[in-house]
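Heads up, the thing below is written out as structure tokens.
The values are calculated or read from the model by the stated rules, or taken from the named source; none is laboratory data. None of these values were measured; they are calculated from a predicted model. Glycine also receives a Cβ, built like all others from the backbone with ideal geometry; neighbour counts cover every protein chain displayed. These accessible areas exclude ligands, DNA and RNA; they are computed on the full protein's heavy atoms, side chains included. Shrake-Rupley method; radii C 1.70, N 1.55, O 1.52, S 1.80 Å.
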Amino acid sequence: MNWKLVHTLNRISRYLSPASFSNELHRALRRGKKDGGLTNINFSFTNLCSVDCIFCPQDRGGSKKIRSMSKQLLEKILNECSSAAFKKHHSIQVISVGENGDIFLHKECIDFLRMIRKKMPGAKIQCYTNFRMFTTDKIDIVLKEKLLDFIGCNIDGVTPQSYRMVKRADFDVVTKHLFYFLKKRRELWRDVPIHVSGLTFHDYIKGIYYGLGAMPLKLKETPIDINSLVDDFPDIHAFFRSRLDHPKDKIMRSSPIGWAERNQVDIRGLDYSKYFCPQVDRFQKEAFISPDGTWYACCWDGKNELVLGNVTAQSLNDIYFGQRRKDLILALKQKKFSEVGGPCLSVNCCQKLSIEKKG
């Protein structure tokens, strides 16, 4: 497969688009300015998920009454992002779907992708999915209509048993859809790279045990001999190495973090000076939008506690330049996590955790 030719043709077709040219022009004009504006929007079209990963919080999005975004709200956001007034301050380069939930559980997921492509043709659309609900009929539409530019997915085991230990889901269903996607991608010459990341049972258990001094909340009732755990990431790498063929496809080992363990971490006496916010750089240029329109702090704010505003009643631009956002960025940079509150009270759970025993 000549992916270099596919990529070249894809880039030529993009840059010939007037909307894409306009987007690049606005991006160039924003370069060098002190406040570069928003570059990314991360949509949580639904905070529902069809798997139950040991490394995701049990109560993610559970406090929200609205679990799926409306078409009217998405249209409002896209209309603002595509307006000349918005582009004076911002240049949206990337739109991510699948933030804190699976887009393919939303009944209007295909219509949403079509709306984004039509309104924001110059933006890269990237999707994070576990492939369980990314079924063959949806794959056909997405690839034929060029609705996605990148896919990220977690494959945390390559046997039915190892996959279920992490995801509580059916490995055969996931791989059936993933392999179908790879097959159709070749047939249709679609320039859509895939990044496969693996957070294995071995790595997560050891990361939480050695990093936070606990066993994962979802495994509290499961007897585990930590010394008998076997690292199966090499098996994941070997499994996909021969199957992925796009030059930008990647297979990566994910580092464990403890955002799913916040409820069991004792923060009393925590020395905040030892920690930093690993998301603050993203926070400055990206928006995270929940199904009910809440703009929340980051992807590890599972309960959407750190709220900047709500785009159902406010504009993205007003929230971006609002005092609440400025104060929050400053507090995070100054490590005032106790003042920020919410998930930042357990900022130790946001750090990458070593899978090796210290000392």
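The set of residues in the stretch 104-136 being touching a residue at least 60 places away in the same chain (Cβ under 8 Å) and part of a helix (DSSP H, G or I) consists of C109, F112.
Looking at the stretch 148-158, can you tell me whether even one residue there is open to solvent by 50 Å² or more (accessible area, probe 1.4 Å) and among the charged types (D, E, K, R)? Scanning the stretch 148-158 turns up no residue that is open to solvent by 50 Å² or more (accessible area, probe 1.4 Å) and among the charged types (D, E, K, R).
If you go through the stretch 261-279 and keep only what is of a type in the set (A, V, I, L, M), under 13 Å from P343 (Cα atoms) and either touching a Pro at 6+ places or on another chain (Cβ under 7 Å) or open to solvent by less than 40 Å² (accessible area, probe 1.4 Å) (or both), you end up with just V265. Taken together, D172, D203, D191 contain a single residue that is open to solvent by 10 Å² or more (accessible area, probe 1.4 Å) and in a helix (DSSP H, G or I), which is D172. Considering the stretch 219-263, the residues that are small (G, A, S) and not in a helix (DSSP H, G or I) include one that is modelled with the lowest pLDDT, namely S242. Only one of the listed residues (Q264, Q279) is among the polar types (S, T, N, Q) and within 20 Å of the chain's Cα centre (by Cα). That residue is Q279. Per the conditions (1) under 20 Å from the mean Cα position of the chain (by Cα); (2) among the polar types (S, T, N, Q); (3) over 15 Å from L38 (Cβ atoms), the sole criterion not satisfied by S338 is (1).
The residues on offer are S83, S91, S162, and the sole one that is among the polar types (S, T, N, Q) and surrounded by fewer than 17 Cβ atoms within 10 Å (Cβ to Cβ) is S83. Can you tell me how many residues in the stretch 245-260 are in contact with a Leu (Cβ under 6 Å, 6 or more places away or on another chain) and either farther than 30 Å from K184 by Cα or aromatic (F, W, Y) (or both)? The total comes to 2.
Among the residues making up the stretch 175-188, a single one is in contact with a helix residue (DSSP H, G or I) (Cβ under 6 Å, 6 or more places away or on another chain) and open to solvent by less than 10 Å² (accessible area, probe 1.4 Å): F181.
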